[in-house]
Structure formats: C-alpha cells, structure tokens
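The next block holds one structure in the form of structure tokens; read it before the comments.
The values are calculated or read from the model by the stated rules, or taken from the named source; none is laboratory data. Please read these numbers as outputs of a predicted model, since none were measured by experiment. Neighbour counts are summed over all protein chains in view; Cβ atoms, including those assigned to glycine, are modelled from backbone coordinates with ideal geometry. To get the accessible areas, we keep the full protein, side chains included, count just its heavy atoms, and leave off ligands, DNA and RNA. Shrake-Rupley method; radii C 1.70, N 1.55, O 1.52, S 1.80 Å.
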Amino acid sequence: MGSASQDGPPFPGRIPGQAEEAALGWAIALRDSPDDLSLRRQFQAWHEADAMHRQAWAAMRHLDDRLEQVEPAYAVRADNRHMVLPAVETPPKRLRRPLLLAAGAACLALLLAPAVSLRLQADYRTGVAEVERVTLADGSVVQLAPRSAIAVDFAAGRRDIRLMEGEAFFAVTRNPSRPFRVLGDRATVTVLGTAFDVRAARGDDDAALVGVEHGRVRVAPHAGAPMLLTAGQGAAVAASGDLRRQAVVPTQIAAWRDRQIIVRNEPITDAIDRLRPWFGGMILTRGEALANQRLTGLFNAADPVEALRGMARAYGGRVTVIGGWLIIYSQA
C-alpha cells in the first residue's frame with residue numbers, strides 16, 4: 001500500500017460503530033508505510049477524534065502483541081448458500097502479519113458488536129449470506145436478507161414487526177381490523193394487505209428505504225408528515241425524518257431474494273456496503289474519491305469477490321483479497 005497523503009486516511013471506517021474495522025486498516029497501513037509522516041499525522045487525528053477509536057486501537061494493539069505466535073488455519077467452510085472459498089496454505093512471512101491482524105480483527109468485531117443483545121431480542125435473524133423465509137401466525141410471509149433481524153409482537157390484537165437490523169420483504173395477509181405495522185428506527189410502515197420491502201439505515205448519513213411491489217403502505221416518520229405509497233413507489237427516510245419519494249421497478253424490489261444486487265446510479269461505496277452482509281470477513285475501502293464515483297449494474301451477491309472485481313473493472317479500481325478474511329477495495 002502506498003502513502004495515504006494523496007488519498008486521505010487509508011480506511012476511515014465508513015460505517016458508524018465499526019471503529020474496529022478502521023483500527024485494522026490503520027494497523028496494516030502503518031505497518032506497510034512506517035516512515036510516512038503524513039500517514040502518521042492522519043492516524044493521530046483519527047485516534048484523537050473519538051473515544052471509540054482509542055478503544056478499538058488499544059484492543060487491536062493488544063491482539064497485535066499476541067498474534068505473532070499464532071499459526072492460523074485458513075480453510076473456510078460454507079454450506080450451499082454461501083460462496084465456497086478454497087483452503088489457503090500458510091502465507092509467506094511478509095503477508096502473515098496482516099493475515100493474523102485480519103483474523104484477530106474478526107474476533108474483535110464479534111466482541112465489540114452488539115450481537116449478544118440482538119440475539120436476545122430478535123425472534124428471527126440471519127447470518128452472513130443467509131436468506132430466510134418465515135411464515136407468521138397470521139399467514140403473512142417475511143423474507144429476511146443476510147445479517148437481518150426482526151422481533152414479532154402479535155399480542156393483544158397487534159401485528160407489529162420491529163426491524164432491528166438489515167432488510168426484509170413482507171407479503172402481508174389482508175386483515176382490515178388488525179393493521180400490520182413494521183416499526184423501524186426512523187419510521188413506521190402501516191399496511192392492510194400488500195407486498196413491500198424495508199431496509200434499515202446503516203448510519204446517520206444513510207437513508208432507510210421502503211419499496212412497494214403491490215398494494216399501498218403508509219410511511220410515518222417519527223418526526224415529520226406521513227406519505228402514502230402505492231405499487232412502483234418507494235421512499236427514503238433521512239435521519240431528520242424527511243421523506244423523499246422515489247420511483248422503483250416492482251419486479252426489481254428486494255432483488256437480494258435471488259442473490260442479486262441491482263445498483264442504479266449509486267456511489268460505489270454504497271454498493272460495497274450492500275455487499276458486506278454477503279461476505280464473512282471484512283470489506284475495507286481506500287480512497288476518498290470512491291464516494292464520488294457513481295455506478296449502475298447488476299452484481300452477483302453470492303460471489304462478493306467477483307462482484308467487487310466487476311466494480312473495479314468499471315472504474316479502474318483494485319481489489320486485494322487477503323486470506324479469505326479481508327477484501328480491500330482501492331481506487332486505482
């Protein structure tokens with residue numbers, strides 16, 4: 001990896017709360033360019049900016065001090081719903097340290113993420129590259145995208161689903177006396193009988209999304225006026241509660257059910273974010289200009305590495321895969 005003096009911080013941790021991802025990126029970049037003073041100044045600014053950054057860096061250094069004696073096994077096992085990666089032999093010494101850091105960071109992410117709380121609260125949840133179909137007590141069907149979770153509340157005549165993480169597609173059984181509601185962090189979607197998709201926001205800068213395949217839904221943000229959507233319409237819910245109506249193609253809503261990602265004039269960084277739930281390790285991005293490069297295309301989510309390589313071919317980017325644990329997408 002070269003100096004970050006031109007491209008900015010090497011791996012700024014685009015998703016809020018993933019300070020451990022950024023700490024891994026800094027560890028690799030600083031090890032590769034130990035004499036880069038500009039890189040060290042940028043790292044210091046990142047380190048001082050947030051207490052979570054300092055905590056993640058301290059944990060990374062703690063792992064770094066102990067990983068030198070570890071001899072990793074790099075075989076990756078997967079079932080038929082996952083991308084199958086071949087076993088990788090022990091890497092050359094010059095690559096061993098980054099690989100160990102990547103493996104340690106995967107463990108660190110598990111420790112720091114609120115996964116335990118999610119498991120306790122969710123009634124249904126999916127893992128990496130897993131799509132699950134759930135039939136509820138009223139006959140409604142929910143399909144969960146990878147790394148998604150819902151909690152179900154049908155008590156006292158309610159039909160409430162709380163989307164805790166990720167994305168879900170709902171085919172709702174009509175019952176006018178018992179409205180079906182999907183409760184999100186930013187809005188409540190109420191329906192009587194329809195099929196629609198809801199995606200939770202991934203951070204303050206990201207929008208929660210609703211798309212209607214058929215029927216009608218009412219999107220009521222926690223702050224702001226509600227909006228009625230019909231088939232072929234969607235809405236983006238900003239952190240402020242503002243709603244932005246969008247046109248959608250009904251047959252392309254929730255394309256992830258067929259393990260496809262459809263990108264329409266989106267920043268490459270957003271498209272990469274949509275691939276993360278399909279990959280069992282970490283995907284890091286390098287280069288501030290990536291957020292300004294817009295992409296349109298159809299990508300196979302079941303093969304995240306090849307999907308990223310397809311994005312790179314379109315814009316002359318570079319994809320580096322380390323040990324099956326880590327993918328680094330860099331601008332050329």
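Of all residues in segment 190-214, those satisfying the criterion of being part of a loop (DSSP other than H, G, I, E, B), more than 20 Å from Ala145 (Cα to Cα) and in contact with a Lys or Arg (Cβ under 9 Å, 6 or more places away or on another chain) are Leu192, Gly193, Asp205. Those residues that are under 25 Å from Arg257 (Cα atoms) and without any contact (Cβ under 8 Å) to a residue 12 or more places away in the chain, I need them from segment 301-319; list them, please. Scanning segment 301-319 gives Glu306, Arg309.
The number of residues in segment 271-296 being more than 18 Å from Arg318 (Cβ to Cβ) and surrounded by 16 or more Cβ atoms within 10 Å (Cβ to Cβ) comes to 6. Return the residue satisfying two criteria in turn: it lies in segment 232-268 and is under 16 Å from the mean Cα position of the chain (by Cα) and at positive phi, and of such residues it is most open to solvent (accessible area, probe 1.4 Å). Selected residue: Arg259.
The set of residues in segment 247-261 that are among the small types (Gly, Ala, Ser), assigned to a strand (DSSP E or B) and under 17 Å from Ala301 (Cβ atoms) is empty.
Every residue, every condition in (1) in contact with a helix residue (DSSP H, G or I) (Cβ under 6 Å, 6 or more places away or on another chain); (2) in a loop (DSSP other than H, G, I, E, B); (3) within 23 Å of Ser148 (Cβ to Cβ), yes or no:
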residue	(1), (2), (3)
Ala239	no, yes, yes
Val263	yes, no, yes
Ala271	no, no, yes
Ala291	yes, no, no
Leu295	yes, no, no
Leu308	no, no, yes
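A single entry from Ala137, Ala151, Ala156, Ala225 fulfils the requirement of being open to solvent by 50 Å² or more (accessible area, probe 1.4 Å), aliphatic (A, V, I, L, M) and not in a loop (DSSP other than H, G, I, E, B): Ala156.
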